[in-house]
Amino acid sequence: MKKVLVLTFAVMMIACLSLSAFAEVSPTAPVVYDVSVSSYAGGNVNTSYDEETGVYTLVAAANDSNSFSKWEITGDYEIVEGTLESATLKIKCASDVEVSAVFVDENGDVVVDDVQTPDDTVPSTTTPADDSSDAPQTGSNTLSYLALALCVACAVAFISKKQLAK
């Protein structure tokens, strides 16, 4: 009987220690990329970021007699709404992105005097995803408690049997 009890206890301990393999993977932080925005002379750009959807909204506003022409974007991104030729553009980034708004004068010539340096970065920090294989896992301890209760029940049964045998 001692051998059965020791074997049962060993099996339960192994089962309890391996429960983390069945636990749910920990949630990971969303990746947020930097978007550097600049514009040529002739207008400015307003930006916003929606944390819930991960979408950046870019709005170009021309000065005086100028008009918006197009967006020049470097980096990996996906257009969610609008086009590169529309004054309002919504994008979702897959990397850090540099965005420039191009404005033209009434003759259709690009307004190039005084290219503005990047004046806006949305957001200013990057939160990397926790994709490591050693991230802590979360889950239920129900099986651990059941295994422990079974071990205690076996121990009580063994002790009771010994007491009755005397």
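No value in this document is a laboratory result; all are computed from the given coordinates. Remember, it's a predicted structure, so these values are computed and weren't measured experimentally. We place every Cβ from the backbone using ideal geometry, glycine too, and count neighbours over all the protein chains shown.
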Taking a cut-off of 19 Å, what percent of all Cα-Cα pairs in segment 35-122 are separated by more than that? 33 percent
Among 62-68, 42-48, 105-111, how do they line up from the highest to the lowest mean number of other beta-carbon atoms within 10 Å? 42-48, 62-68, 105-111
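Add +1 for every Lys or Arg and -1 for every Asp or Glu among the other residues with Cβ under 15 Å from the Cβ of Ala10, and state the total. Write out the running numbers ahead of the final one.
Values: positive: Lys2, Lys3; negative: none.
Residues near Ala10 contribute +2 overall.
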Put in order of increasing Cβ neighbours within 10 Å, starting from the fewest, Lys162, Lys2 give Lys2, Lys162
Which length gain, in nm to one decimal place, applies between Val80 and Val11 when the Cα-Cα distance is subtracted from 0.36 nm times their residue separation? 19.5 nm
On full extension of the chain, what length is gained from Gln163 through Lys3, given 0.36 nm per residue of separation minus the C-alpha to C-alpha distance? 55.8 nm
Can you return the lysines within cross-link range of Lys162? Criterion is Cα-Cα under 22 Å, with same-chain partners fewer than 8 residues away left out. Lys2, Lys3
